[in-house]
Amino acid sequence: MGCIYKRGNIYWLKYYRNGKPYRESTKSMKESDAKRLLKKREGEISEGKIPGVYFDKVRFEELSEDFIRDYRINQRKSLNRAERSVAHLKGTFEGYRIPDITNPKIAVYIETRINEGATNATINRELSALKRMLNLGARQTPPKVDRVPYIPMLKENNVRKGFFEHDEFIALRSALPSYLKGFVTFGYKAGWRVSEITGLTWNQVDRLQGIVRLEAGETKNNDARTVYLDRELKDVFNNQWELRKKSGTLTPFVFPNHDDKDKIKDFRGSWKKACEDAKIGKRLFHDFRRTAVRNMVRSGIPERVAMMISGHKTRSVFDRYNIVSESDLKIAAQKQETYLELQTGTISGTIHNFEQKKGLAHIS
């Protein structure tokens, strides 16, 4: 099926698969190495496999391009995160042949990212991207990857700790520029993702009924969502509408940027300064999402309804955000108190009866 020959001092192989010739350097000057590799290739061909030399030609860059293309084709909303993950992975694996992406190399990557200060959650997103690349390559016809190495995941702390107390929110809102005040008020009360609020347009708002709608496909989890506005939020939306008319630009966005020409894109500078002026420490806009769910639960809104408003798809949000209703805690304390009182009463009664019997026995 094949033969061995030399080019200079290096042994080369020639073999056939489906009538197509393959030539491969053994990168060795030993004939024994060449015979061993030829036997391996002939075994792969006899089993119907593609010779390993084919996979040696595939580079990391090719798989990363296929990975990003898959995100674009399927219109995944986390495309930006995927591109960031690829950018970090390129720092280590750029130029790598796919067979060279091994467990030890992946371990070195993990250690490097830890030393750079990346969190376990961030590293796990990048490792998931790498795993997805390799799996996509393995599923291609013909495949670009013959094996997917084991990729370990790091332990994450899934308890989210960032919350706003109401006085902290008021202080932050007061310190923000005018064009962001209504924006953060809606985020604080509705708990929507920042991209959902910045992209909110007037055709999704019914001002007369006080309703805001996101249709299926407009949200991260692709579920439709409806929110009824309370008095404060109705005032916010009416004010935004009046500002829109006064500006004359008639932007479609409910919360436009500072010059009323486009949606809000980057407010990190204003946010950071407002946090400093309000003396509330470092905070994230995503803290509003956690806070809104907690406030809804504490106010007595059923968990399922709170999830429908904020757009959380599974109940695990309450575990990840460490949210427990205060009424549940009070009921738990009352039940424990009642139980212990019953236990104490039973024990006391038993001791009292015992002492009475002991006294009667002494008298007799």
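A few comments on the model shown:
- Each residue in segment 73-91 was checked for being in a helix (DSSP H, G or I) and closer than 16 Å to L136 by Cβ, and 7 pass.
- Condition broken by F183, with the remaining ones in (1) touching a residue at least 40 places away in the same chain (Cβ under 8 Å); (2) loosely packed, with under 12 Cβ neighbours inside 10 Å satisfied: (2)
- Qualifying residue in segment 26-45 (condition: outside the structural domain of L130 (by TED's automatic domain parsing), surrounded by 12 or more Cβ atoms within 10 Å (Cβ to Cβ), at pLDDT below 90 and in contact with a helix residue (DSSP H, G or I) (Cβ under 6 Å, 6 or more places away or on another chain)): yes
- A Cβ distance below 6 Å, combined with a sequence gap of six or more or placement on separate chains, defines the contacts here; from segment 238-251, residues that are under 16 Å from G210 (Cα atoms) reach residues that are of a type in the set (A, V, I, L, M) and modelled with pLDDT of 90 or more in the pairs Q240/V254.
- So T112, is it at pLDDT below 90 and either over 30 Å from E196 (Cβ atoms) or buried (at least 16 other Cβ atoms within 10 Å of the Cβ) (or both): no
- Selection status of L243, surrounded by 13 or more Cβ atoms within 10 Å (Cβ to Cβ), out of contact with any Gly (no Cβ under 6 Å at 6 or more places or on another chain) and among the aliphatic types (A, V, I, L, M): yes
- The condition (being among the basic types (K, R) and in the same structural domain as K265 (by TED's automatic domain parsing)) is satisfied by just one residue among K189, K155, K131: K189.
- A count restricted to segment 226-257 and to residues that are modelled with pLDDT of 90 or more and assigned to a loop (DSSP other than H, G, I, E, B) stands at 6.
The rows are residues; the columns are (1) in a loop (DSSP other than H, G, I, E, B); (2) under 21 Å from R290 (Cα atoms).
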| site | (1), (2) |
| --- | --- |
| L127 | no, no |
| L130 | no, no |
| D146 | yes, no |
| Y150 | yes, no |
| F164 | yes, yes |
| R173 | no, yes |
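- Helices (runs of 4 or more DSSP H) completely within segment 276-364 that count 1 or more residues being modelled with pLDDT of 80 or more: 286-298, 303-310, 326-363
- Criterion: within 24 Å of L284 (Cα to Cα), within 16 Å of the chain's Cα centre (by Cα) and of a type in the set (D, E, K, R) - qualifying residue of E156, E168: E156
- Residue in segment 261-274 that is touching a helix residue (DSSP H, G or I) at 6+ places or on another chain (Cβ under 9 Å), of a type in the set (A, V, I, L, M, F, W, C), in a helix (DSSP H, G or I) and surrounded by 16 or more Cβ atoms within 10 Å (Cβ to Cβ) present: yes
- Members of segment 192-201 that are of a type outside the set (S, T, Y), within 14 Å of Q240 (Cβ to Cβ) and either in contact with a strand residue (DSSP E or B) (Cβ under 8 Å, 6 or more places away or on another chain) or not assigned by TED's automatic domain parsing to the domain that holds A274 (or both): L200
- Condition check for P142: at pLDDT below 90 and assigned to a helix (DSSP H, G or I): no
- Test result for T119, more than 20 Å from the chain's Cα centre (by Cα) and of a type in the set (S, T, Y): no
- Taking segment 84-103 as the range and being among the polar types (S, T, N, Q) and either closer than 15 Å to E62 by Cα or within 23 Å of the chain's Cα centre (by Cα) (or both) as the test, the residues that pass are S85, T92.
- Qualifying position, being crowded, with 19+ Cβ neighbours inside 10 Å and of a type in the set (G, A, S), among G91, G95, G137: G137
The values are calculated or read from the model by the stated rules, or taken from the named source; none is laboratory data. These numbers were taken from a predicted model, which means no experiment stands behind them. All Cβ positions, even for glycine, are placed from backbone atoms using ideal geometry, and neighbour counts span all protein chains on display.
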